[in-house]
Amino acid sequence: MTETASPSESHQPTETTPAGDSRLTATSITHRYGELSVLEAIDLEITPGAVTAVIGPNGTGKTTLLRILLGQLTPTEGTVEYTGPAADRPIGYLPQQPSFRPQFTAAETLAFYGALLGLSVDTHTALERVGLADAADRPVEALSGGMRRLLGIAQSLVGEPPVVVFDEPASGLDPSMSTRAFEILADQAAEGTAIVVSSHDLGLVERFADRVLVVHDGTIAGRGSPRELMAETETASLWDVYDAVVHGHRGDT
Ligand code: ADP
């Protein structure tokens with residue numbers, strides 16, 4: 001069964017804004033799993049026309065934050081508000097491990113997913129966008145891991161959601177496929193979509209993200225464009241920014 005990654009019913013538009021001005025605003029998000037405090041009073045905005053990357057160590061709460069933004073998880077405290085024009089599907093989602101029906105072809109997978117959402121899908125255009133047009137009639141089980149990830153990206157974009165959340169779209173992919181995945185995200189942002197992506201590939205984040213949120217110890221310990229973060233921490237790469245913010249090392253490290 002295809003993982004449905006359903007758009008949240010809770011994210012219906014709350015006000016009318018011009019097309020292309022869809023955003024998510026999270027206010028004072030705190031989350032606890034029982035006794036375990038994961039996120040603490042986080043404020044952030046996911047803005048249109050930009051790739052916002054969420055980085056941070058494993059277990060620091062990135063997936064929890066993404067699921068709260070999607071409306072899949074209700075935060076212990078705080079709110080997430082979607083503002084923008086009415087959309088068939090306000091928020092798209094690529095989970096860390098999308099699962100597919102192995103016998104469905106790539107085209108059938110997208111058509112089936114569209115049907116689940118009550119949308120008709122131009123599968124050729126959807127596959128072309130991620131470079132899979134030639135694989136339209138191949139069953140998912142015959143696609144490489146990288147091609148499946150691209151299919152997952154195409155699936156997350158079904159219905160042209162104005163906001164799309166990607167949880168580690170490049171994990172486990174070779175360098176050229178990882179780059180391809182981020183190029184698609186950047187192309188999508190250039191068309192006005194608000195993109196949020198978590199990734200451990202700091203080289204790609206530095207290259208493709210417009211804004212970076214460094215999640216550490218339950219808070220956003222750094223935020224800004226890669227360039228701004230490097231200037232702030234007096235470092236020369238996002239790797240060094242990460243080291244500075246997460247491990248407290250500054251400059252010339
Ligand atoms: P990340 O995506 O940064 O690796 P997660 O958001 O998955 O972090 O997890 C943050 C912390 O919350 C981890 O300590 C994890 O074990 C814990 N956690 C995640 N999901 C649950 C859950 N459903 N129940 C209890 N603890 C959870």
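The values are calculated or read from the model by the stated rules, or taken from the named source; none is laboratory data. Everything numeric here is computed off the predicted structure, so don't read it as measured data. Glycine also receives a Cβ, built like all others from the backbone with ideal geometry; neighbour counts cover every protein chain displayed. Remember, those area values only see protein heavy atoms, side chains included, never the ligands or the DNA or RNA. Shrake-Rupley method; radii C 1.70, N 1.55, O 1.52, S 1.80 Å.
A compact table of results
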| read-out | value |
| --- | --- |
| Matching option when the condition is open to solvent by less than 50 Å² (accessible area, probe 1.4 Å), among the charged types (D, E, K, R) and either more than 20 Å from Thr52 (Cα to Cα) or away from the ligand (no atom under 16 Å from the Cβ) (or both), among Arg138, Arg149 | Arg149 |
| Given (1) closer than 19 Å to Ala190 by Cα; (2) touching a residue at least 12 places away in the same chain (Cβ under 8 Å), number of the condition Glu128 does not satisfy | (2) |
| Asp217 modelled with pLDDT under 95 and touching a His at 6+ places or on another chain (Cβ under 6 Å) | no |
